[in-house]
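All remarks here apply to the structure that follows.
The values are calculated or read from the model by the stated rules, or taken from the named source; none is laboratory data. Keep in mind the model is a prediction, meaning the values are calculated, not measured. Using ideal geometry, Cβ is built from the backbone for each residue, glycine included, and neighbour counts are taken over all protein chains shown.
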């Protein structure tokens, strides 16, 4: 839950640390002198109340993530005071401020040394909303929701605290409608889940991505993307093993390129797959369970040595070899058929319909 403060409700002007935020627990002054930042009872805004250039640091509630944002409504377009992310002390943070009508992303390191990492060109006026997002080593500055600045710097990249740093010049209004929070589970580039073993890789939840979203699986099980997915790029699930890759959930794609390749095949959800469809599709893709593939190879070698081959003989020899494989590899065979309730049903059906055992096995492993 984001931390919010509209700085309302004070009968007299008070130190920020004594003010109860409108949407949070408390402001905490961790260094510097008291009353350097105050909540005005007359304007219901945050004002700076110091001529001390060393300043102070007031922290809001910890949002628990180093991928974070801080924003506020500008009440003075010519001040030094920043709202800050990645805050450790009054001399260690990454922040955003408006000075001489322009927004800047600043860094302070102990010393102190102040560095303007980037300065925008759009003129800021009182009432504009200023926002700083810090994600990994990337920092982005916004004016009224429009991206103005992007810069890369790794200072305090794992720090989760945020707040404000008042310094220099007293008595003037500074900011209003402060907000700080963790960035939602999202990415501005690409988001991927990759599995190269024999289990599963997945992306789940509400995912917002402006690049590409992909699940790739190269082992023997599955890769999946699930949840409410909003994406402005492409969406794909790729599987190169023996089972499936899938995309599910409410999905919004601006470029409707949804793919499902490899061993996982999309089928209409309104009806069950027929045995012939499953068998034909697996043959088309060249996918057979390993033990069945061994049987096919053995029978093919046997039949190739015969001068004349009858279909009935191939079927008989295949069933005989398959029965031998079942006996030799019973553990693997049962594991495949008892993987879920559907496989248990298919095992019972296979016992009752021995003539169709091969087709049932194929369907069980493809399901």
task: Among the residues of segment 36-51, write down those that are crowded, with 18+ Cβ neighbours inside 10 Å and either in contact (Cβ under 8 Å) with a residue 60 or more places away in the chain or farther than 19 Å from residue 74 by Cβ (or both).
output: 36, 37, 40, 45, 46, 47, 48, 49, 50
query: In segment 55-69, how many are outside any loop (DSSP other than H, G, I, E, B) and over 21 Å from the mean Cα position of the chain (by Cα)?
result: 3
message: Being assigned to a loop (DSSP other than H, G, I, E, B), touching a strand residue (DSSP E or B) at 6+ places or on another chain (Cβ under 9 Å), surrounded by 22 or more Cβ atoms within 10 Å (Cβ to Cβ) and in contact (Cβ under 8 Å) with a residue 60 or more places away in the chain narrows it down to one residue among 80, 7; which is it?
response: 7
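Quick check on my filter: what residues within segment 23-35 are touching a helix residue (DSSP H, G or I) at 6+ places or on another chain (Cβ under 6 Å) and free of Cβ contacts under 8 Å to residues at least 40 places away in the same chain?
Keep residues of segment 23-35 that are touching a helix residue (DSSP H, G or I) at 6+ places or on another chain (Cβ under 6 Å), which gives 27, 29.
29 - this is the single residue of segment 23-35 that is touching a helix residue (DSSP H, G or I) at 6+ places or on another chain (Cβ under 6 Å) and free of Cβ contacts under 8 Å to residues at least 40 places away in the same chain.
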field: Only one of 14, 30 that is more than 36 Å from the chain's Cα centre (by Cα), modelled with pLDDT of 90 or more and more than 23 Å from residue 130 (Cα to Cα)
entry: 14
statement: Given (1) at positive phi; (2) at pLDDT below 95, residue 86 misses just (2)
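Quick check, is residue 77 within 37 Å of the chain's Cα centre (by Cα) and at pLDDT below 85? If you could, list the steps in order and put the result at the bottom.
Details: within 37 Å of the chain's Cα centre (by Cα): yes; at pLDDT below 85: yes.
When the stated conditions are applied, residue 77 passes them.
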